[in-house]
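One structure is given here, and the rest of the page talks about it.
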Amino acid sequence: EAQVTQNPRYLITVTGKKLTVTCSQNMNHEYMSWYRQDPGLGLRQIYYSMNVEVTDKGDVPEGYKVSRKEKRNFPLILESPSPNQTSLYFCASRSNTEAFFGQGTRLTVV
Amino acid sequence: GENVEQHPSTLSVQEGDSAVIKCTYSDSASNYFPWYKQELGKRPQLIIDIRSNVGEKKDQRIAVTLNKTAKHFSLHITETQPEDSAVYFCAARTYTGGFKTIFGAGTRLFVKA
């Protein structure tokens, strides 16, 4: 079954404590991306990756890092989380004809 | 910066009626326009998409039209059903050495039985 899997689904953390949200896909897609979803703002692209070791900034990259050391994984790293990064995060992967989102990670930074 | 405007933000229709959601994009280099449906508490799912070399695409009750000159595209849902109730997002993708995707703010569609 085609899947994009994110972990964890829910996370509450404190300001400044580094965290990583993992994303894994089993479709051999080259293109992966991260979005955050906030009320009234829709989905905003944080970072994307065209292939292994190829990443680029989206619209709202500040405060985030990513890595793409292997095709299936695209982790999102928050080195020093702040309350304004409280949001719902989605990882996505796509080929030319199909697009899949992960189930989402609800992050709260207190 | 580049943006995508989506209207209306909320749309309420009677079951069986049609629903139309409109989006306008600013980057003339955008060449791919997907539409996503997101049910409450779930992930967005691609429902239809259109590329810039096509003016219209249809899939059963769903159709999308694209006007490149005016830089707008629309989602049309005919014979709406209660299960069509969801938030719908349009998006515009541009290739600039990488694929950058900008989403509209979303339209919450209510279909009343």
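Rule-based calculations on the coordinates, nothing more; no lab input. None of the values given here were measured: they were computed from a predicted structure. All Cβ positions, glycine included, derive from the backbone under ideal geometry; neighbour counts span all protein chains shown.
The lysines within cross-link reach of B:K112, meaning a Cα-to-Cα straight distance under 29 Å and a gap of 8 or more places when in the same chain, are B:K22, B:K37, B:K42, B:K57, B:K58. Which values of log₁₀ I(q)/I(0), to two decimal places, follow from the Debye formula for the protein assembly as shown at q = 0.12 Å⁻¹ with a uniform point scatterer at every Cα? The Debye formula, applied to the Cα set alone, gives -0.64. In this Cβ point-charge picture (+1 for Lys and Arg, -1 for Asp and Glu), chain A has a dipole of about 280 debye about its Cα centre. Can you tell me how region A:1-47 classifies by the Cα gyration tensor, rounded, prolate or oblate, using a/c under 1.5 as the rounded cut? Cα axes put region A:1-47 in the oblate bin.
Net length available on complete extension from A:Y10 to A:E62 is 16.6 nm, with 0.36 nm assigned per residue and the Cα-Cα distance removed. Taken about its Cα centre, region B:1-82 carries a charge dipole of roughly 180 debye when the Cβ of each Lys and Arg holds +1 and the Cβ of each Asp and Glu holds -1. A straight Cα-to-Cα reach below 18 Å connects A:K69 with the lysines A:K57, residues fewer than 8 places away in its own chain not being considered.
Using a cutoff of 8 angstrom between alpha carbon atoms and counting only pairs six or more residues apart, the relative contact order for chain A works out to 36 percent.
Since only B:T96, B:L66, B:A86 are under comparison, the one whose Cα sits farthest along the positive direction of the charge dipole of region B:54-102, derived from C-beta charges on Lys, Arg, Asp and Glu, is B:T96. Peptide A:48-58 is shielded by partner chain Cβ atoms: per residue, an average of 2 of them sit within 10 Å of its Cβ. Pairs of Cα atoms nearer than 8 Å and 6+ residues apart set the relative contact order; for region A:56-108 it is 26 percent. Remark: spin-label model distance B:Y95-B:H7 equals 3.2 nm, labels positioned 7 Å along the Cα→Cβ axis. For the residues of B:93-101, the average number of beta carbons from a partner chain within 10 Å of their own beta carbon is 5. Length, then width, then depth: along the principal axes, the Cα atoms of chain B run 46, 28, 19 Å.
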